[in-house]
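Peer 1: Supplied in structure tokens, the structure appears directly below.
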Amino acid sequence: MEAQQKNSFDELVAGISQDERQFLLAKINQNKVDDTPLLTPLREEESYSSVETKLNNESLLYRFFLWIRTLITKRTKFEVYNQDLVDDLARKINRKHPGIIDMRNGLLQSLFFEKIKQLKEAADFFKPYFSVVNEKPGRFYVFLSTFVAPSISTSINEQADPYQIPFERNLQMSLEPVS
């Protein structure tokens with residue numbers, strides 16, 4: 001049950017690339033005091049490579065059947081192979097989350113629509129906050145830094161706190177520094 005719930009790191013990094021996620025994760029784990037990492041990086045099932053590279057890594061028997069299918073369908077081997085990859089992905093999705101894709105008819109079912117509708121409602125919730133981010137990005141980055149580097153943030157707040165200055169000196173009306 002807990003594996004399906006998103007943690008705060010997943011929610012914060014939902015809009016950034018995989019490289020940026022891994023960089024932030026490495027920074028968080030590096031700043032951790034004890035040796036246990038806060039989060040573990042997601043295991044990538046497949047590397048991102050071109051269709052041609054993936055095709056060359058397939059077995060000789062599969063490539064032979066693919067060649068026969070290209071002769072029958074009169075399409076390029078990349079078109080046929082790409083369709084196989086899409087069908088394979090649809091089967092994996094259907095296996096993990098049944099009721100989303102109708103593979104026989106090539107349609108998305110109503111469950112997919114409901115999930116997209118929920119996603120849009122969640123995105124609409126955050127729209128007013130993005131306008132604030134776009135208007136004053138400096139304030140947003142300062143706010144974000146309190147989550148990324150809390151020790152630095154508290155150190156800056158303590159050093160810049162005007163109430164930390166002792167009241168032993170008399171205040172002067174001029175703006176010149178007191179020596």
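The values are calculated or read from the model by the stated rules, or taken from the named source; none is laboratory data. No experiment lies behind these values; they were computed from the predicted model shown. Virtual Cβ from ideal backbone geometry, glycine too; neighbours counted across all protein chains shown. Remember, those area values only see protein heavy atoms, side chains included, never the ligands or the DNA or RNA. Shrake-Rupley method; radii C 1.70, N 1.55, O 1.52, S 1.80 Å.
Peer 1: Go over the candidates Val142, Val132, Val86 one by one and state the one that is open to solvent by less than 100 Å² (accessible area, probe 1.4 Å), closer than 30 Å to Val51 by Cα and at pLDDT below 90. Steps first, answer last, please.
Peer 2: Details: Val142 fails: closer than 30 Å to Val51 by Cα; Val132 fails: closer than 30 Å to Val51 by Cα.
After ruling out the rest, the residue left standing is Val86.
Peer 1: Just to check your reading of the model, which residue among Lys115, Lys92, Lys127 is loosely packed, with under 10 Cβ neighbours inside 10 Å and either among the basic types (Lys, Arg) or modelled with pLDDT of 80 or more (or both)?
Peer 2: Values: Lys115 fails: loosely packed, with under 10 Cβ neighbours inside 10 Å; Lys92 fails: loosely packed, with under 10 Cβ neighbours inside 10 Å.
It is Lys127.
Peer 1: Arg75 fails exactly one of the following numbered conditions: (1) modelled with pLDDT of 90 or more; (2) assigned to a helix (DSSP H, G or I); (3) more than 22 Å from the chain's Cα centre (by Cα); (4) not β-branched (Val, Ile, Thr). What is the number of that condition?
Peer 2: Checking Arg75 against (1) modelled with pLDDT of 90 or more; (2) assigned to a helix (DSSP H, G or I); (3) more than 22 Å from the chain's Cα centre (by Cα); (4) not β-branched (Val, Ile, Thr), the one that fails is (2).
Peer 1: Tell me which residues, restricted to the range 56-72, are surrounded by 11 or more Cβ atoms within 10 Å (Cβ to Cβ) and under 33 Å from the mean Cα position of the chain (by Cα).
Peer 2: Glu58
Peer 1: Out of the range 98-112, which residues are within 20 Å of Gln83 (Cα to Cα), in a loop (DSSP other than H, G, I, E, B) and open to solvent by 90 Å² or more (accessible area, probe 1.4 Å)?
Peer 2: Arg104, Asn105
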